[in-house]
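Student: Please read through the structure below; I'll follow up with questions.
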Amino acid sequence: MNRMPVTSSNIRSVGYDADSELLEIEFRSGIYAYSSVPEEVYRGLMEASSHGRYFAQMIKNRFDFSRIA
């Protein structure tokens with residue numbers, strides 16, 4: 001999956017596969033995959049003025065995840 005770099009103090013890049021609803025987020029501490037994430041949540045993350053704040057409010061503790069790297 002290709003990830004796009006973002007400007008954030010903690011998030012380095014974000015990728016999304018609409019067919020599988022899989023969201024990948026590369027943090028400074030590693031890469032995590034979040035499952036069953038609707039495309040509008042991904043779009044909201046990419047359009048947010050603060051990627052970290054959006055992640056904390058809309059993704060963290062709401063979707064199953066696993067560390068992949």
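Student: Of the heavy-atom accessible surface of the chain (probe 1.4 angstrom), what whole percent is carbon and sulfur? Could the numbers behind the result be given before it?
Tutor: Working: 1900 of 4360 Å².
Result for the chain: 44 percent of the exposed heavy-atom area is carbon or sulfur.
Student: Then there's this: Taking a probe of 1.4 Å, how large is the accessible area per residue of the chain, in Å²?
Tutor: Working: 4360 Å² over 69 residues.
Value returned for the chain: 63 Å² of accessible area per residue.
Student: Which label marks the calculated value of volume of the Cα convex hull per residue in Å³, given the options [x] 194; [y] 79; [z] 94?
Tutor: Given [x] 194; [y] 79; [z] 94, the calculated one carries the label [y].
Student: Tell me, which longest segment in the chain has none of the trypsin sites (Lys or Arg not before Pro) that fall in DSSP loops with at most 16 further Cβ atoms within 10 Å? Before the final figure, lay out each step's value.
Tutor: Details: sites that count: Arg3, Arg28, Lys60, Arg62.
Here the longest segment lacking exposed loop sites spans 29-59.
The values are calculated or read from the model by the stated rules, or taken from the named source; none is laboratory data. Keep in mind that this is a model prediction, so the values were computed, not measured. Because the Cβ atoms are built from the backbone with ideal geometry, glycine has one as well, and the counts that use them run over all protein chains shown. Each accessible area value is taken on the protein alone, full model and side chains, heavy atoms only, with ligands, DNA and RNA left out. Shrake-Rupley method; radii C 1.70, N 1.55, O 1.52, S 1.80 Å.
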